[in-house]
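In what follows, a single structure is set out as C-alpha cells and then discussed.
The values are calculated or read from the model by the stated rules, or taken from the named source; none is laboratory data. Note that this is a predicted model, so its numbers are computed, not measured. Reconstructed Cβ throughout: ideal geometry from the backbone, glycine too, with neighbour counts over all protein chains shown. Heavy atoms of the whole protein, side chains included, go into the accessibility calculation; ligands, DNA and RNA do not. Shrake-Rupley method; radii C 1.70, N 1.55, O 1.52, S 1.80 Å.
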Amino acid sequence: MTASTSPFNLETCARPNILKLVPYRCARDDYKDDGTNILLDANENAYGPSLPLTASSTAETAGLNRYPDPHQHVLKSAFCALRNTNPTKPLTPENLFLGVGSDEAIDALLRCFCTPGKDKILTCPPTYGMYSVSAQVNDIEVVKVDLNLESGNLELRPDSINEALSQDANIKVVYICSPGNPTGALVDPEAVKKVLAHPTWNGVVVVDEAYVDFAPEGSSLAPWVVDYPNLVVMQTLSKAFGLAGIRLGAAFTSPPIAQLLNNLKAPYSISTPTSSLAYTALSEAGLVIKSENVAKILSQRARLLQELPNVPGIGRFLGGFDANFILVEILDRPGGKPSNTVALAAYKGLAETRGVVVRFRGGENGCFGCLRMTVGTEDENGRLLERLREILGGI
C-alpha cells in the first residue's frame, strides 16, 4: 500500500481544533537570519547571558541570550542525511518534528489525533510505559493487544492488531516499539507493513525506534514515511548517541502530519545548546564516535549473552538481541522455574547491598520472573556478573 491507495484521511483523522490551529509565530518566521541582523523583536537581553565567561567557555555560551532557531532546518537536514537511503524519494526537513525527547512526540501525537474522553490508542504489551502514561494524562483509553506471550521471542501480532482496528473506529494511534522495550527485539517490517495495509482504518501507526542503532544496519523504517502518509517513526539521540542529557527526539513522518505537530508545539522548545550538541553528534566525526561506542556495546552484549547462563539461577533470555539491554529470567533455583519473588529479591539486593541497579520487569505481561539489564562497560558488566552470582547464591 502506498499513499495513493491508503484509506488515511488527515482531515477526518486529526482533531478539528488542531486542523484549525494557527501556530505561534515570531518575527523570525518572516525573514532569513544570516547572523548580521539587529534583533530587536523578541525582548531578549542584548548584552548577553549572565554567566562568568572564560576564554574556553565563550564559544560554548555564544548566542544564549537569543531565542533558538524555531525551525531547526540545519539540524533536521542532518537527521535526514542519517536516515536517507532512497535517493529517488529523499527525506527532507519537512518530514521532521523535533521534540524534547521522544516523549514530547508521543504526547503531541495524542493531542493531535485523539479527542479526550472519546478516542483511543492501541499498544502492544510488554512495551514502553510512557504510551499509557501520556494517554492517561490526556484522558485517552488504551486498547492492548499483547505481543505473542506464548513465544519467548515476544513477536508483534499484526492480525490481532488489525482485528482490533476493524472493531473500533475510535482507535486513532497504534504505538509499536521496535526494538521493543523491554523485549529488545526488532519488529518484523512485514508485520508493520500489514498494519499499514489495513483496508479501512483511518489512523496513525507510530514506530518507536529509540534503540534502532543497536540493531542490524538498515533496520530503520524512517525512509518509509515518504510512501505511507500515516506512518510516524520516532528516534532519539539518548541511546546510541549517548546524549540522554540533552533531551532531543525526532519524529519522521509525512509533511502534513509533521506540520500539524510543529504547529502545536511550544515555540523555541529545542534549546541552542541542545541543537549545537546534536548537530555535532550527527557530523562525520560524531558518527565515527557513535559507531565505535556502539561496537563496544555490541561486544559487551555478546559477552553477557555468553557468560550470564553460567550464573546459577539464570534462565532463558526473552525477546531479542537488537538493543543495548537484555531481558532474562531469574529462576527459583538452578534449573528451576522463573520466579518473581527471587527476581525482585535479586533486584533489591543488587541495588541496596551491591551498588548495581538493573530493572525488575516481572510485573509486565510475558516477563514473569524477568530482570532487564542494560549493557554497560567492560568493568561494569564484570561487576554485574560477579555480584549477581553472589546475590543469587545467597537467595
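Listed by chain and number, the lysines whose C-alpha is less than 20 Å from the C-alpha of Lys76, apart from same-chain residues fewer than 8 away, are Lys32, Lys89, Lys239, Lys265, Lys290. For Cys177, the amide hydrogen comes within under 5 Å of the amide hydrogens of Asp208, counting only partners 5 or more places away or on other chains and with H modelled in the peptide plane. Among Ala285, Ala197, Ala185, the largest mean-square fluctuation in a Gaussian network model of the chain (Cα springs under 10 Å) belongs to Ala285. For segment 119-131, putting each phi into the Karplus relation 6.51 cos²θ - 1.76 cosθ + 1.60 with θ = phi - 60° gives couplings of 7, 9, 10, 10, 10, 10, x, x, 8, 4, x, 6, 4 Hz, in residue order, rounded to whole numbers and with x for Gly and Pro.
Specify which residue in the list Thr115, Val22, Val358 is farthest towards the positive end of the charge dipole of the chain, using unit charges on the beta carbon of Lys, Arg (+1) and Asp, Glu (-1), about the Cα centre. About the Cα centre, the residue reaching furthest to the positive side is Val358.
With q set to 0.18, 0.21, 0.23 Å⁻¹, the log10 of I(q)/I(0) for segment 62-109, from the Debye formula over equal scatterers at the Cα positions, is -0.70, -0.85, -0.93.
The residue list Asn202, Ser77, Leu156 was ranked by how far each Cα lies along the charge dipole of the chain toward its positive end, using unit charges on Cβ atoms, and Leu156 comes out on top. Extension gain for Asp146 to Ala244 (0.36 nm times residue separation, less C-alpha to C-alpha distance): 32.4 nm.
Which one of Gly315, Gly349, Gly117 has the biggest mean-square fluctuation once the chain is modelled by GNM with Cα springs under 10 Å? Maximum among the listed residues: Gly117. Using modelled amide H (1.01 Å from N, peptide plane; none on Pro or chain starts), what sits under 5 Å from the amide H of Thr236, excluding residues fewer than 5 places away? Amide H to amide H, under 5 Å and 5 or more residues apart or across chains, Thr236 pairs with Ala250. Between Ser166 and Tyr279, the C-beta separation translates, for a Förster distance of 45 Å, into a calculated FRET efficiency of about 0.55.
Normalised by residue number, the volume inside the convex hull of the Cα atoms of the chain is 168 Å³ per residue.
Report the residue, chosen from Val232, Val195, Val133, that carries the largest GNM mean-square fluctuation when the chain is represented by alpha-carbon nodes joined by springs under 10 Å. Greatest mean-square fluctuation among the candidates belongs to Val133. Dipole magnitude for the chain: computed about the Cα centre from +1 point charges on Lys and Arg Cβ and -1 point charges on Asp and Glu Cβ, it is near 480 debye. Only Lys, Arg, Asp and Glu carry charge here, each on its Cβ (+1 for the first two, -1 for the last two); on that basis segment 286-390 has a dipole of about 140 debye about its Cα centre.
Just how far, in whole angstrom, is segment 136-207 from segment 321-395 if you go by their alpha carbon centroids? Cα centroid to Cα centroid, the span is 28 Å. Amide H contacts of Val204: Val173, Val174, each under 5 Å away and 5 or more positions distant or on a separate chain (H built 1.01 Å from N in the peptide plane; Pro and chain starts excluded). The residues of segment 299-357 present an accessible area of 47 Å² per residue when probed at 1.4 Å with all protein chains retained. Magnitude of the charge dipole for segment 73-286, about its Cα centre and with charges confined to Cβ atoms of Lys, Arg (+1) and Asp, Glu (-1), is about 500 debye. Computed in the context of the full set of protein chains, the accessible area of segment 241-301 at 1.4 Å probe radius has 61% of its extent on carbon or sulfur. In order along segment 178-189, phi translates into HN-Hα couplings of 8, x, x, 10, x, 6, x, 9, 5, 7, 4, x Hz, rounded to whole numbers, per the Karplus curve 6.51 cos²θ - 1.76 cosθ + 1.60 with θ = phi - 60° and x for Gly and Pro. Determine the shape class of segment 215-258: with a ≥ b ≥ c the square roots of the Cα gyration tensor eigenvalues, call it rounded for a/c under 1.5, and otherwise prolate if a/b is greater than b/c, oblate otherwise. Judged from the Cα gyration tensor, segment 215-258 comes out oblate (a/c at least 1.5, b/c at or above a/b).
Rounded to the nearest 0.05, the FRET efficiency derived from the C-beta distance between Arg389 and Leu21 at R0 = 51 Å is 0.35. In the context of the full set of protein chains, segment 73-286 has a per residue accessible area of 37 Å² (1.4 Å probe). If the segment from Thr341 to Val133 were pulled out straight at 0.36 nm per residue, it would be longer than the present Cα-Cα gap by 72.2 nm.
For segment 8-13, putting each phi into the Karplus relation 6.51 cos²θ - 1.76 cosθ + 1.60 with θ = phi - 60° gives couplings of 5, 10, 4, 5, 9, 8 Hz, in residue order, rounded to whole numbers and with x for Gly and Pro.
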